[in-house]
Amino acid sequence: MKLIRRRRREVPALNTTSTADISFMLLIFFLVVSSLDIEKGIMRQLPPVDKNETEKTTDVRKEQLMSLVITADNQLTVNGQPSDIKQLRRQLTDFLLRQRQQHLLTIEPAPEADFGTYFQVQHEVVAAYREARSLYARSRYKTSYGQLTEEQREAVRQLFPQRIAESYDTKGGRP
């Protein structure tokens, strides 16, 4: 009887020299192709912090004040009258063109109101300021607000400053 010798088979080795290069290229590819989330927010310039300054009260006549209230059921009232957010930009633009720098907007959202409604109102407020400034620039300088010189833009911003007072219910909130 013949003894059969089994030959030992060697397992072929896997060549891993280029694995690191491929992984690095894939990492770079996904970093370049993927998009990062852009934070969205409301552009507001807050007043500087002055610890010595005390609160100042300002008398505002009723015709110089526009009160925007967002109710708990996401309804908008303008000066106590129900209004639609779609009409808000036109109402604000007319108000700003009438009052110019003597205006004051108050925004009072209910704690139960949706953030989406609040941001829609904020968007319309910003758009109304932009539209009022643009309309004034066209009538005064015969060009768009974007085409004005920096001095002219500053003069228009001084005429239509963002005077917005917001109040929040800090006691309550959502359950």
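The values are calculated or read from the model by the stated rules, or taken from the named source; none is laboratory data. Fair warning: this is a prediction, and the values are worked out from it, not measured in the lab. For neighbour counting, all protein chains shown are included, and Cβ atoms are generated from backbone atoms with ideal geometry for every residue, glycine included. Heads up: the accessible areas ignore ligands, DNA and RNA and are worked out on the full protein's heavy atoms, side chains in. Shrake-Rupley method; radii C 1.70, N 1.55, O 1.52, S 1.80 Å.
Quick rundown of the values:
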read-out	value
Fully extended contour minus Cα-Cα distance, from residue 153 to residue 141, at 0.36 nm per residue	3.3 nm
Kirkwood hydrodynamic radius (C-alpha pairs) into Stokes-Einstein, segment 98-143, 25 °C and 0.890 mPa s, D in µm²/s	196
Per-pair calculated FRET efficiency, R0 = 22 Å: residue 83 and residue 108 via Cβ, rounded to 0.05	0.95
Accessible area, probe 1.4 Å, largest first, for residues 60, 125	60, 125
Nitroxide proxy distance, nm - points 7 Å out along Cα→Cβ at residue 62 and residue 26	7.1
Pairwise label distance in nanometres, residue 18 with residue 167, each label 7 Å out on the Cα-Cβ vector	7.1
